[in-house]
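One structure is given below, encoded as structure tokens.
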Amino acid sequence: MSQEVLLVENVPVEGSSPAGGVISVWTLNRPEKLNALNSASHEALRQACADAEADDAVRVVVIRGAAPPPAPEGKRQKPAAFAAGADISEFAGKNSDDVRPFFENNAWERVWNLSKPTIAMVDGFALGGGTELALSCDLRIASTRAKFGTPEINLGLIPGGGGTQRLAGLLGYGKAMEMVMTGDMVGADEALRLGLANDVVEPGELEARAMKMAETIARKSPYTIKVAKRAVRAALDLPLTEGILAERSEFVALFDTEDKEIGVQAFLERKDAEWVGN
Ligand code: COA
């Protein structure tokens, strides 16, 4: 029986409005290979993205890596990992024509292009394509033993899942250059300092911290959250003056939504807002 490379669990958000909201938790499930992303992982992630996009109940997506199984007697315990990169075994002997279709249809861009908020829950190694998957998410919550890095340079490669661009955007040009050219890993404390991680907590607290952030976001209007994501994203693609105009246009348009009136009235009446999602 073939192993499911991605486990999807929809966790209900109690008291969400509109009712029935869930946090969709995706677990990369190849722990014996440190959750390295092979073709099947990409296919499963693409499908999960399509499903999440189509399902109004999904308010937030959380992506995590499966924990390593206990070591068999006499064997070394495998380390925790979010994902230790693209599956290197799929690179051997391939030329550009072999890999181009795969990289043109990869999951990193699907995750990046989701209209809904995404959180990477990073415990252990997030290397190469693993760091890139975390970078494709909106937020990264890491454990103290998280290690980020882009070691592709050691394979005679460079990041190919958007890593050069998203690292330069998130960390700035100098640090992105350092990571891409040295391939050195960045520990959790440094990741926090650099803004690569939004928060760092002990491994035992990671799930609770990430799910709490997911829940906080899942309790907002799902419509307004999508607008918020679009507006902040515009900062990455547009020059400042155009970005300001894009934000203003999104902001003004929100005055035609029911959720704006619901939110404002709830504040004035000191009640919790009951969003309708439009
Ligand atoms: N692709 C395929 N398999 C991988 C992998 C990857 N990116 N990363 C780890 N694995 C596999 C190993 O081959 C090993 O498999 P095996 O037990 O069947 O031999 C298993 O995962 C455990 O990895 P191992 O290297 O034994 O663990 P470690 O604790 O000694 O080292 C790392 C951990 C993360 C430092 C090391 O696995 C590593 O450098 N991985 C590659 C990282 C990388 O270059 N990623 C970028 C890819 S583009």
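The values are calculated or read from the model by the stated rules, or taken from the named source; none is laboratory data. What you are looking at is a predicted structure, and each value in this text was computed from that prediction instead of being measured. Every residue, glycine as well, gets a Cβ built from its backbone with ideal geometry; the counts of neighbours run over all protein chains shown.
A few notes on this one:
- When 181, 185 are checked against the criterion of being in the same structural domain as residue 57 (by TED's automatic domain parsing) and either surrounded by 14 or more Cβ atoms within 10 Å (Cβ to Cβ) or touching a Leu at 6+ places or on another chain (Cβ under 7 Å) (or both), 185 stands alone in meeting it.
- Residue 166 vs. criteria of a type in the set (D, E, K, R) and closer than 26 Å to residue 59 by Cα: yes
- In the range 170-204, of all residues being outside any loop (DSSP other than H, G, I, E, B) and touching a residue at least 60 places away in the same chain (Cβ under 8 Å), the one that is nearest to the ligand (Cβ to nearest atom) corresponds to 203.
- Test: residue in the range 67-82 that is within 12 Å of the ligand (Cβ to nearest atom), among the aliphatic types (A, V, I, L, M) and closer than 18 Å to residue 6 by Cα: yes
- Checklist (1) more than 13 Å from the ligand (Cβ to nearest atom); (2) of a type in the set (A, V, I, L, M, F, W, C); (3) part of a loop (DSSP other than H, G, I, E, B) applied to residue 48, failing item: (3)
- Any chance residue 102 is touching a residue at least 24 places away in the same chain (Cβ under 8 Å), among the aromatic types (Phe, Trp, Tyr) and over 22 Å from residue 214 (Cβ atoms): yes
- The set of residues from the range 54-88 being closer than 30 Å to residue 226 by Cβ, surrounded by fewer than 15 Cβ atoms within 10 Å (Cβ to Cβ) and in contact (Cβ under 8 Å) with a residue 40 or more places away in the chain comprises just one member, 56.
- Just one of the numbered conditions (1) more than 24 Å from residue 79 (Cα to Cα); (2) in contact (Cβ under 8 Å) with a residue 60 or more places away in the chain; (3) in contact with a Gly (Cβ under 8 Å, 6 or more places away or on another chain) is not true of residue 161: (1).
- Residue satisfying all of: in the range 3-42; of a type outside the set (A, V, I, L, M) and free of Cβ contacts under 8 Å to residues at least 12 places away in the same chain; surrounded by the most Cβ atoms within 10 Å (Cβ to Cβ) among these: 12
- If you filter the range 100-151 down to residues that are within 16 Å of the ligand (Cβ to nearest atom) and aromatic (Phe, Trp, Tyr), you find that the one that is nearest to residue 188 (Cα to Cα) is 148.
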